[in-house]
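Just below is one structure, and these are the notes that go with it.
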Amino acid sequence: MRIGILTGGGDCSGLNAVIRSVAKHLILSQNAEIIGFENGFLGLIENQYRKLDYKSVSGILAQGGTILGTHNKANPLRYFGADNADVSDQVLANYNALNLDGIIVIGGDGTMSISHALEKKGIKIIGVPKTIDNDLMQTDRTFGFDTAVGVATEAIDRLQTTGQSHERVMILETMGRYAGWIALEASIAGGADIVLIPEIPYDIERVAEVCKARSQRQRFTIIVVAEGAAPKDGEMTVRERIDDSPDPLRLGGVANVIRFELEKRIQSEIRVTVLGHIQRGGTPTHFDRVLATRYGSFAAQSAIENKWGTMVALQKNELVRVPLSEVANKTKRVPLDDDLIVAAKAVGTSFGI
C-alpha cells in the first residue's frame, strides 16, 4: 500500500499521536509506504511531501503540534497562491502521479468539507476528526478538545484564588468559535459562576445582577465566556476577517466587551484573561493520546478495508465510520437540552439569562 497523510487547519494537541498510530499500523501490518504531505493541503497542492518510516514516527506520542506542519489557509478550492482559483485538478494530478491508494486527512470541519469536495473529484480520503472546539458533526468527541478543556479548567482554578483575594470579577475568554463546548465543560470542571456560550444569547443586565449578588455573599465572581458568545439582539465580536481562509471570521474580544458593559453597572473591580492559543499548544492529555491513537489505528484499518469517503468517529465510546457528506459544511453546537447545561444549571451556574 502507498498511503498519504496530512494535517489540516489549526494545530492541536494529539495530531502527532494520530500520525504515529496511522503510520505504525500500516507499516507493521501491510509494510505500507507512508507519504506525509507538509503544511496541510499546501503540500498536496505544491507537491511538498516526505516519506515517513517507522523511526520518524517514533517518540512523538506526547509531542504537541504536528511534525508535518499545517496551514489553515491552503484551500485547494480557493487557493491563495493562485488568486483564490480552484486548483483541485492540480491536486488530483499530483495525487495520481504519486500512485497513492488514498489519503488519511486529519482535521476539523473546514478540512472535512474540503476533503468531501476532493473525494468527489476522485481522491480516496478517510477523515480523522480533530479540533479543540469539539464542533464536528457525527462524533461525540474530537481529539484535542480534552486538552483544551484541561488548560481552561486550570486557568479557572488559578483565577479563583486571585478573584477571592481581591474581591474581583474575573472574566476568562475561551476559544470555541460558534460552539460553546470548551467554555461549558471548563466552567463545570472549574466551578465558574457564570458561563456565556454562543447557543444562549446573554442578557448583560442579568449578568450584572449575578455579580452584584455574589459581591454581597462570596465577594467575587468567575465568568467564563466563549469567544462566539453574543448578547440578546446583538452580534458576535469579530476580531478580524481573513477573506482567503476557509473560515474568514476570527472571533475574539467578547470578554473585554462584557467588561466594558459591566463597569457601567457594578462597583467591583473587573479583570479579563484571554487564553487564546495557549489552549491549542503543549502536550496532549492522556485521554487525547488514547483517543488519537484509537482514531489513527481505526483510520488505518479503514484504509486496509477500502472504506474510503468516510470519517472515523466516536459514538457512545465505540469507533464507527460516517460518510464525509454527513460531516462536511456542518457545525455541532451545544443542544439546549444537553446534559451539560442541565448539570450546570442544577449547581447554580448562570447562563446570563
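The values are calculated or read from the model by the stated rules, or taken from the named source; none is laboratory data. These figures come from a predicted structure and were not determined experimentally. Here the Cβ positions follow ideal geometry from the backbone for every residue, glycine too, while neighbour counts run over all protein chains shown.
Of the set (1) surrounded by fewer than 24 Cβ atoms within 10 Å (Cβ to Cβ); (2) part of a loop (DSSP other than H, G, I, E, B); (3) at pLDDT 95 or above, all apply to H116 but (2). Scanning region 11-47 for residues that are within 20 Å of the chain's Cα centre (by Cα), surrounded by fewer than 23 Cβ atoms within 10 Å (Cβ to Cβ) and under 20 Å from T283 (Cβ atoms) gives a single hit, D11.
Scanning region 305-319 for any residue that is in contact (Cβ under 8 Å) with a residue 24 or more places away in the chain and part of a helix (DSSP H, G or I) turns up nothing. Quick one: is A82 modelled with pLDDT under 95, more than 26 Å from E305 (Cβ to Cβ) and crowded, with 24+ Cβ neighbours inside 10 Å? No; evaluated as a whole, the condition is false for this residue.
The strands (runs of 3 or more DSSP E) found wholly in region 200-273 and carrying at least 1 residues that are at pLDDT 95 or above occupy 221-226. When you scan region 113-135, do you find a residue that is on the phi > 0 side of the Ramachandran plot, of a type outside the set (S, T, N, Q) and more than 10 Å from the chain's Cα centre (by Cα), even just one? Within region 113-135, one or more residues are on the phi > 0 side of the Ramachandran plot, of a type outside the set (S, T, N, Q) and more than 10 Å from the chain's Cα centre (by Cα). Of the strands (runs of 3 or more DSSP E) contained entirely in region 1-104, those carrying at least 1 residues that are assigned by TED's automatic domain parsing to the domain that holds A117 and either without any contact (Cβ under 8 Å) to a residue 40 or more places away in the chain or at positive phi (or both) fall at 33-37, 49-52.
Selection over region 155-168 of residues that are buried (at least 19 other Cβ atoms within 10 Å of the Cβ), farther than 26 Å from R250 by Cβ and of a type outside the set (D, E, K, R) gives a count of 1. Taking D133, is it in contact (Cβ under 8 Å) with a residue 40 or more places away in the chain, within 21 Å of V320 (Cα to Cα), surrounded by fewer than 17 Cβ atoms within 10 Å (Cβ to Cβ) and out of contact with any Asp or Glu (no Cβ under 7 Å at 6 or more places or on another chain)? Against the criterion (in contact (Cβ under 8 Å) with a residue 40 or more places away in the chain, within 21 Å of V320 (Cα to Cα), surrounded by fewer than 17 Cβ atoms within 10 Å (Cβ to Cβ) and out of contact with any Asp or Glu (no Cβ under 7 Å at 6 or more places or on another chain)), D133 does not qualify. Within the group T349, T310, T331, which residue is hydroxyl-bearing (S, T, Y), assigned by TED's automatic domain parsing to the domain that holds G110 and either touching a helix residue (DSSP H, G or I) at 6+ places or on another chain (Cβ under 7 Å) or closer than 30 Å to G252 by Cα (or both)? After applying the criteria, what remains is T310.
Taking the criterion of being out of contact with any strand residue (DSSP E or B) (no Cβ under 9 Å at 6 or more places or on another chain) and under 23 Å from D101 (Cα atoms), the residues of region 302-327 that qualify are I304, E305, S325.
Among the residues that make up region 48-61, is at least one of them touching a strand residue (DSSP E or B) at 6+ places or on another chain (Cβ under 6 Å), modelled with pLDDT of 95 or more and surrounded by 17 or more Cβ atoms within 10 Å (Cβ to Cβ)? Yes.
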